[in-house]
1. Does segment 192-215 include one or more residues that are in contact (Cβ under 8 Å) with a residue 24 or more places away in the chain, assigned to a loop (DSSP other than H, G, I, E, B), surrounded by 13 or more Cβ atoms within 10 Å (Cβ to Cβ) and among the hydroxyl-bearing types (Ser, Thr, Tyr)?
2. Looking at Ala193, Ala204, Ala124, which is the one that is within 30 Å of Ala79 (Cβ to Cβ) and not charged (D, E, K, R)?
3. Among the numbered conditions (1) among the polar types (S, T, N, Q); (2) out of contact with any Gly (no Cβ under 7 Å at 6 or more places or on another chain); (3) surrounded by fewer than 22 Cβ atoms within 10 Å (Cβ to Cβ), tell me where Thr134 comes up short.
4. Can you say whether Ala37 is outside the structural domain of Gly161 (by TED's automatic domain parsing) and under 30 Å from Glu155 (Cα atoms), as far as the supplied structure shows?
5. What is the number of the single condition among (1) within 30 Å of Asp49 (Cα to Cα); (2) at pLDDT below 95; (3) part of a helix (DSSP H, G or I) that Glu117 does not meet?
6. Could you tell me whether any residue of segment 171-179 is within 16 Å of Pro122 (Cβ to Cβ), within 13 Å of the chain's Cα centre (by Cα) and either among the aliphatic types (A, V, I, L, M) or crowded, with 16+ Cβ neighbours inside 10 Å (or both)?
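The values are calculated or read from the model by the stated rules, or taken from the named source; none is laboratory data. Nothing here was measured: the structure is a model prediction, and the numbers come from that model. Counting neighbours? That spans all protein chains shown, and the Cβs are built from the backbone with ideal geometry, glycine included.
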Amino acid sequence: MRLESTLTGATHPAPEPRTPTPRPGGRSTRVRAEVVAATLAEVAEKGYDGLTVEAVAARSGVHKATLYRRWGGVDGLVADALTASADQPWPLPDTGDLRQDLRRITQEVFSVFTDPELGPTPTALISAAQRSDTGAAALRAFFAARHRQAAEVAERAVARGELPAGTDGTEVVRAATAPLYYRLFVSGEPLDARTAERAADAAALAARAGLFTPTTTTPEQN
């Protein structure tokens, strides 16, 4: 499963066929998948303000009493959709070159969020998550998990001598992707492939210069 595409409804597993043979945890897993898929579809269509437990219940086929009992309300539904997304596996690029790996990561962010079919779901989910403390905490946890995973591209670069020892891989990934999220969710400026590429290149150059190591000295400290 790829980076931001884990936030789209298409990436969540389809509900498993119902069978008469019980499996430990099978129904619970199926119910969660159905509810997450319904939540993603509803938030993409109606946004946070239009999201209701009743609509998710109708779309998922799960009784609203179950939704209130397990998720508490719309904020819990949004938070769990993010948690489920963070649980999805994500194969990282491994080109043998940090800049190219970062370019592939930022290109994926660009491609998913600007895709007219895929983009609305992760955009709506991230926006909805920022509307409550519960959602915001889940959003922070989602990105923290993704950054920890993606840090592997920098760790590989350290191992092959491309980056200084002690480079903080999570900060490298944040530096590469932050300009994209700034445009998407803060400034509203257009996002294009060149911007995504430039953000990756800048992060790679900064990492090679040692700016993400704990011993970095800033000009003010000299």
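1. yes
2. Values: Ala193 fails: within 30 Å of Ala79 (Cβ to Cβ); Ala204 fails: within 30 Å of Ala79 (Cβ to Cβ).
Being within 30 Å of Ala79 (Cβ to Cβ) and not charged (D, E, K, R) holds for just one of Ala193, Ala204, Ala124, which is Ala124.
3. (2)
4. Working: outside the structural domain of Gly161 (by TED's automatic domain parsing): yes; under 30 Å from Glu155 (Cα atoms): no.
The answer is no for Ala37.
5. (3)
6. Applying the first criterion (within 16 Å of Pro122 (Cβ to Cβ)) to segment 171-179 yields 177.
Narrowing further to those that are within 13 Å of the chain's Cα centre (by Cα): 177.
Filter once more, keeping what is either among the aliphatic types (A, V, I, L, M) or crowded, with 16+ Cβ neighbours inside 10 Å (or both): 177.
Yes; the residues of segment 171-179 include at least one that is within 16 Å of Pro122 (Cβ to Cβ), within 13 Å of the chain's Cα centre (by Cα) and either among the aliphatic types (A, V, I, L, M) or crowded, with 16+ Cβ neighbours inside 10 Å (or both).
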